[in-house]
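*Asks:* Before we start, here is the structure in question, set down as structure tokens.
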Amino acid sequence: MANKMSFYFLSYSLDESLTSIVDYDLNGFDLLSYWKRIRLKEIDFSTLKLFADFSSKRYSDLLSNSLNMYVLSERAKKTIESKYLKEVIFSKVDVVDLNNSNDIQVYWVMTPLLESDCIDIGKSSILDEDVVIDLVLSKERLPASSNYFSITNKPSFFVSSERFKENWQAAQLIGLDFDVIELK
């Protein structure tokens, strides 16, 4: 019997005790180009300033944020990079401690290189650009052998394979929730 392939909608952990980005300064950062994936490899993340309160929260490998970027720890980057280097771009970004501006930690924005038009709009229930009630993907339109991708015209919708989920969990990384996606 063949293994059933599963896919997951990725979202920030709902655990409010985890470290998250609490403020940011775009400082000339071109967010529109980022979300439209315009010359992604050329986008300069060094101007983007992210702020977190490291003193009052538990460590997280993924820092939730209102920019809908996947801001990963060095540990998470190394885990993912070793297995999915051809599927993602990592862009260095500094995260400043809100309580101590001299405490700057290096994080990485992970962006999928692949996007797919595999969402079944007629069977999915999407409230707005950020809120998914029920996401259904078309089996026929899934990208071949991809482990991490975004949905066309929904740049903040990230999808992973079962393999990606298993690697994240095996490395005991925290901060990311995996919600099973129905396939039709």
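*Asks:* Based on what the data block shows, is T19 β-branched (V, I, T) and farther than 21 Å from A171 by Cα?
*Replies:* Judged against the criteria, T19 is not a match.
*Asks:* Further question on the same structure: Can you give me the number of residues within region 16-34 that are more than 26 Å from E115 (Cβ to Cβ) and open to solvent by 60 Å² or more (accessible area, probe 1.4 Å)?
*Replies:* 5
*Asks:* To continue, here is another question. Kindly indicate whether any position in region 35-50 is open to solvent by 40 Å² or more (accessible area, probe 1.4 Å) and part of a strand (DSSP E or B).
*Replies:* Yes, region 35-50 contains a residue that is open to solvent by 40 Å² or more (accessible area, probe 1.4 Å) and part of a strand (DSSP E or B).
*Asks:* Could you count how many residues in region 85-121 are open to solvent by less than 60 Å² (accessible area, probe 1.4 Å) and closer than 28 Å to E182 by Cα?
*Replies:* 11
*Asks:* Go through region 50-69 and give me each residue that's without any contact (Cβ under 8 Å) to a residue 60 or more places away in the chain and either farther than 17 Å from Q105 by Cα or touching a Lys or Arg at 6+ places or on another chain (Cβ under 9 Å) (or both).
*Replies:* Those that are without any contact (Cβ under 8 Å) to a residue 60 or more places away in the chain and either farther than 17 Å from Q105 by Cα or touching a Lys or Arg at 6+ places or on another chain (Cβ under 9 Å) (or both): S66, L67.
*Asks:* Ok, one more. In this structure, is P143 at pLDDT below 90, open to solvent by less than 40 Å² (accessible area, probe 1.4 Å), over 16 Å from D179 (Cα atoms) and in a strand (DSSP E or B)?
*Replies:* no
*Asks:* For the structure I just gave you, tell me whether S82 is surrounded by fewer than 16 Cβ atoms within 10 Å (Cβ to Cβ), assigned to a helix (DSSP H, G or I) and of a type outside the set (K, R).
*Replies:* The answer is yes for S82.
*Asks:* Here is a further query. Given the conditions (1) open to solvent by 70 Å² or more (accessible area, probe 1.4 Å); (2) touching a residue at least 24 places away in the same chain (Cβ under 8 Å), and given that L72 satisfies all but one, which numbered condition is not satisfied?
*Replies:* Status for L72: all satisfied but (1).
*Asks:* Being open to solvent by 40 Å² or more (accessible area, probe 1.4 Å) and at positive phi is the filter; apply it to region 146-184 and report the residue that is modelled with the lowest pLDDT.
*Replies:* N153
*Asks:* State all residues of region 89-140 that are at pLDDT 90 or above and aliphatic (A, V, I, L, M); if no residue qualifies, say none.
*Replies:* Listed by number, the residues that qualify are I89, V93, V95, V96, L98, I104, V106, V109, M110.
*Asks:* Here is a follow-up. Can you tell me which residue within region 1-15, out of those that are open to solvent by 80 Å² or more (accessible area, probe 1.4 Å) and either among the charged types (D, E, K, R) or within 17 Å of the chain's Cα centre (by Cα) (or both), is farthest from Q169 (Cα to Cα)?
*Replies:* My answer is K4.
*Asks:* So which residues in region 70-125 are among the hydroxyl-bearing types (S, T, Y) and in contact with a Leu (Cβ under 9 Å, 6 or more places away or on another chain), if there are any at all?
*Replies:* Passing the criteria: Y70, S73, T79, S91, Y107, T111, S116, S124, S125.
The values are calculated or read from the model by the stated rules, or taken from the named source; none is laboratory data. All of these numbers come straight from a predicted model, not from anything done at the bench. Note that each Cβ is placed from the backbone with ideal geometry, even for glycine, and that neighbours are counted across all protein chains shown. Ligands, DNA and RNA are stripped out before the accessible areas are found, and what is left, the full protein with its side chains, is counted by its heavy atoms. Shrake-Rupley method; radii C 1.70, N 1.55, O 1.52, S 1.80 Å.
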